[in-house]
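These notes concern the structure reproduced below.
Values in this text are rule-based calculations from the coordinates and carry no lab data. Nothing here was measured: the structure is a model prediction, and the numbers come from that model. Cβ placement follows ideal geometry from the backbone for every residue including glycine, while neighbour counts extend to all protein chains displayed.
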Amino acid sequence: MPKNKTHSGTAKRVKLSATGKLLRQRAGKRHLLEKKSSRITRRLTGVVEVASPDASRIRKLLGR
């Protein structure tokens, strides 16, 4: 059987933690930040876990 290729776009956006969780950045903090309030931009910081309905599909894209 041939090996599955990793989807490189997904690999750049999602990391696998040591405990096996899929971690991603929140969307919406790249540009147009002047019009967004500080409260919103603080909420968008940090890393969060991928939603459970999407996790199986993303694992398949990562070749896991």
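For L33 and K12, what does the FRET efficiency come to when R0 = 30 Å and r is the distance between their Cβ atoms, rounded to the nearest 0.05? Walk me through the numbers on the way to the answer.
Values: r = 22 Å, r/R0 = 0.72.
With R0 = 30 Å, the Cβ-Cβ based efficiency is 0.90.
Build a GNM of the chain with springs between Cα atoms under 10 Å: which of L32, L44, L22 gets the top mean-square fluctuation?
Comparing L32, L44, L22 in the GNM, the peak value goes to L32.
N4 to R64: extension gain in nm, 0.36 nm per residue of separation minus the Cα-Cα distance? Can you show the working numbers first?
On the way: separation 60, 0.36 × 60 = 21.60 nm, distance 0.94 nm.
Extra length from N4 to R64 when fully extended: 20.7 nm.
Count the net charge of all other residues whose Cβ sits under 10 Å from the Cβ of G20, scoring Lys and Arg as +1 and Asp and Glu as -1.
Working: positive: K21, R59, R64; negative: none.
Around G20, the surrounding residues sum to +3.
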